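S.K.: Take a look at this one; I'll ask things after.
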Amino acid sequence: MMNPRVKLALTLICLAPFLTLGAKAMTVEQFGRLDDDDEAGFVAFLVEASAQLLKSQGQPEQAHQVIALFKEAAPNGGVARLAENVKEVNALNKRHALNPNNRIPDSQIEDALARTLKEAGFNVPAKYLLAAGKGFHPDDPPRSRPLGI
């Protein structure tokens, strides 16, 4: 007999690819328009979703390590790594925009976080983060212009 919470988690994991069909990712520009608290809240929201996924996959130690990675304020901590990956994703998007024949979709914040987690040794698909990110709602109105991205 399987625990009902485990059943629910497994069901959500199986349905995640289908939940992304209508999902709208957080673009780099949208992320840059969020105020500082909402930016931090969005990252924390996705990190917590990542930890929940790892727990549901029977990897509670990795779930704790993911959260610890983003609490680390050092230059090699999760936030600093994510910031670098967001810059790389933004630069890649700009290069793709210059090519009129480009058919590659823009990378999003969820892609940058998935890359950050993968570099740290955690397997959390961007599609899962995209589905999870649908549940985030900023508290404050966006800035009129994005900051430094």
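A short reminder: the numbers here are calculations on the coordinates, not readings from a lab. Remember, predicted model here, so these are calculated numbers, not experimental data. Quick reminder, even Gly has a Cβ in these numbers, built from the backbone with ideal geometry, and neighbours come from all protein chains shown.
S.K.: Label-point separation (nm) for residue 99 and residue 40, each offset 7 Å from Cα along Cα-to-Cβ?
M.R.: Inter-label distance under the simple model: 3.8 nm.
S.K.: Return a whole-number percent for the relative contact order of region 26-133, with Cα pairs under 8 Å and 6 or more residues apart as the contact set.
M.R.: This gives 29 percent for region 26-133.
S.K.: Compute the distance in nm between two label points, each set 7 Å from the Cα along the Cα-to-Cβ direction, one at residue 92 and one at residue 118.
M.R.: 0.7
S.K.: Could you list the square roots of 5 times each eigenvalue of the Cα gyration tensor of region 26-133, that is, the equivalent ellipsoid semi-axes, sorted largest first and rounded to whole Å?
M.R.: The equivalent ellipsoid of region 26-133 has semi-axes of 25, 15, 13 Å.
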